[in-house]
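These notes are about the structure you will find just below.
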Amino acid sequence: MKYQEIITIEPGKRCGKPCIRGMRITVYDVLSYLAAGMTTQEILKDFPYLTKEDIQACLIYARRVVGHE
């Protein structure tokens, strides 16, 4: 999976924050849910339009940003 195919950045959407597949849910949103203790399965249940691959792409994106890759 290429996270670049899932994570999108559009200047007019959510102030240019990285979003998932052009939707209005951001990488930050997903990471916040995970940091608060939600499991992947809980996130997928609450947001049925997301996929496991979307959540994985958020984690990969965050690792690359933090690692300055």
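The values are calculated or read from the model by the stated rules, or taken from the named source; none is laboratory data. Worth saying up front: this structure is predicted, and the values here are computed from it rather than measured. For neighbour counting, all protein chains shown are included, and Cβ atoms are generated from backbone atoms with ideal geometry for every residue, glycine included. Side chains are part of the model used for accessible areas, which takes the heavy atoms of the whole protein and leaves out ligands, DNA and RNA. Shrake-Rupley method; radii C 1.70, N 1.55, O 1.52, S 1.80 Å.
Under a Cβ-only charge scheme (Lys and Arg +1, Asp and Glu -1), can you give me the dipole magnitude of the chain about the Cα centre, in debye to the nearest 20?
Numbers: 10 positive and 8 negative charges, 28 e Å.
That gives a dipole near 140 debye.
Please calculate how many Å² of accessible area the chain carries per residue, with a 1.4 Å probe and no DNA, RNA or ligand atoms counted. Walk me through the numbers on the way to the answer.
On the way: 4590 Å² over 69 residues.
Value returned for the chain: 67 Å² of accessible area per residue.
Which of the lysines could be linked to Lys52 by a straight reach, that is with a Cα gap under 22 Å, when you skip same-chain ones fewer than 8 residues away? By straight Cα distance, Lys52 reaches Lys2, Lys17.
With the contact rule set at Cα under 8 Å and sequence spacing of 6 or more, what percent relative contact order holds for the chain?
Details: 64 pairs, mean separation 20.5, N = 69.
Once normalised by length, the contact order is 30 percent.
Considering the zone a paramagnetic label at Arg64 would reach in this model (a point 7 Å from Cα along the Cα-to-Cβ line), which residues of segment 1-31 have amide N under 14 Å from it? The answer is 1-9, 18-21, 27, whose backbone nitrogens lie closer than 14 Å to the label point. Overall, the accessible surface of the chain at a probe of 1.4 angstrom is composed of carbon and sulfur to the extent of 56 percent.
Would you mind computing Rg(Cα) / (2.2 N^0.38 Å) for the chain, counting N as its residues?
On the way: Rg = 11.4 Å, N = 69, 2.2 N^0.38 = 11.0 Å.
Relative to the 2.2 N^0.38 Å estimate, the chain comes out at 1.04.
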